[in-house]
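A.B. asks: One structure, pasted below without further comment.
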Amino acid sequence: NVDSQTLFAAIAAIGIEATIPMTQGAWSLVWYDMKEGTLNFLRNKERPMWYAYTDDFSRLIWASQWEFIHAAAMSNDMELHTDTSSGRPVQFWQTDEDVHYSFNLAELGKTKERPKPKAKKLEGKPKYVSMTGSYSGGSNVTGFFPVRENGSNTQGT
């Protein structure tokens, strides 16, 4: 009934690496892989995603905004892990766009260090725009063209 059902059905049937290259639009996905025992995150540039760990690394918390994670932790008396290895305190990590993060849930709570997910670049289809133009001979043509990062089409003007 909805696009997310179609996406997750395709992931279950043909896998993430075959599904995402066919995917276009705005999306941020989270799914559990029962076979691998992993929690998976993947988003494109249209949607944000953040995650954090509890102080004992037994829980992984995620949301579209870091403020939501902070609010959930505060209202449930959870201490979040604070990483100071960069010289400044960090409690929230934003996922990179077009990167598939795979967290091994069996590792949660069994380490003294922040568990790091496996990460692999995985991109969906570029956005396309429909354009109509004419050649010098007067013939009209319509086509779909990829959109550049700056929003312009790749065919010029």
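The values are calculated or read from the model by the stated rules, or taken from the named source; none is laboratory data. The model shown is predicted, which means the values in this text are computed figures rather than measured ones. Neighbour counts run over all protein chains shown; Cβ positions are idealised from the backbone, glycine included. Just so you know, the surface numbers come from the protein's heavy atoms only, side chains and all, with ligands and any DNA or RNA stripped out. Shrake-Rupley method; radii C 1.70, N 1.55, O 1.52, S 1.80 Å.
A.B. asks: What Kirkwood hydrodynamic radius, in Å, does region 1-98 give when the mean of 1/r is taken over all pairs of distinct Cα atoms and then inverted?
C.D. replies: 15.1 Å
A.B. asks: Shifting gears a bit: Highest first, please rank the peptides 22-33, 83-94, 43-54 by the mean number of other Cβ atoms sitting within 10 Å of their residues.
C.D. replies: 43-54, 22-33, 83-94
A.B. asks: Carbon and sulfur: what percent of region 6-51's accessible surface (1.4 Å probe)?
C.D. replies: 57 percent
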